[in-house]
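S.K.: Pasting a structure here, questions to come.
The values are calculated or read from the model by the stated rules, or taken from the named source; none is laboratory data. If you're wondering where the values come from, they're calculated on a predicted model, not measured in any experiment. Please note that ligands, DNA and RNA were not included when accessible areas were found on the heavy atoms of the full protein model with its side chains. Shrake-Rupley method; radii C 1.70, N 1.55, O 1.52, S 1.80 Å.
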Amino acid sequence: MTIGQAVLYYGVRLILFAAVAGAGIAAGIRIRKAKNAKTTN
C-alpha cells in the first residue's frame with residue numbers, strides 16, 4: 001500500500017467514524033428532548 005492509499009483509507013475511515021458518532025449524538029439529543037417534553041407536560 002502506498003502512502004496515498006493509506007491516507008485515503010484512513011481518511012475515509014475517519015469520515016465514517018465521525019458520521020456515525022455525529023448521528024449517535026444527534027439521536028441521543030433528540031431522544032432526550034422527547035423525554036424532557038413528555039415529563040414537563
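S.K.: Quick one: helix 3-40 against the long Cα principal axis of the chain, what's the angle to the nearest 10°, folded into 0 to 90?
M.R.: The two axes meet at around 0 degrees.
S.K.: A further question follows. Which percent of the accessible area of the chain is formed by carbon and sulfur heavy atoms (probe 1.4 angstrom)? Present the calculation step by step, with values, prior to reporting the outcome.
M.R.: Details: 2770 of 3880 Å².
It is 71 percent, rounded to a whole number.
S.K.: Under a 1.4 Å probe, what is the accessible area of the chain per residue, stated in Å²? Don't skip to the end; give the middle numbers.
M.R.: Working: 3880 Å² over 41 residues.
Heavy-atom SASA per residue in the chain reads 95 Å².
S.K.: Based solely on its DSSP helices, what 222 nm [θ] is calculated for the chain when runs of n ≥ 4 H residues each add -39,500 (n - 2.57) and the sum is averaged over all residues, nearest 500 deg cm²/dmol? Intermediate results must be reported in sequence, preceding the final value.
M.R.: Values: 1 runs with 38 residues, N = 41.
Per the formula, -34000 deg cm²/dmol.
S.K.: Now for a separate question. For the chain, rounded, prolate or oblate, judged on the Cα gyration tensor with a ≥ b ≥ c (square roots of eigenvalues), a/c < 1.5 rounded, else prolate if a/b > b/c? Mind showing how you got there, number by number?
M.R.: Numbers: a/c = 10.68, a/b = 9.75, b/c = 1.10.
It comes out prolate by the Cα gyration axes.
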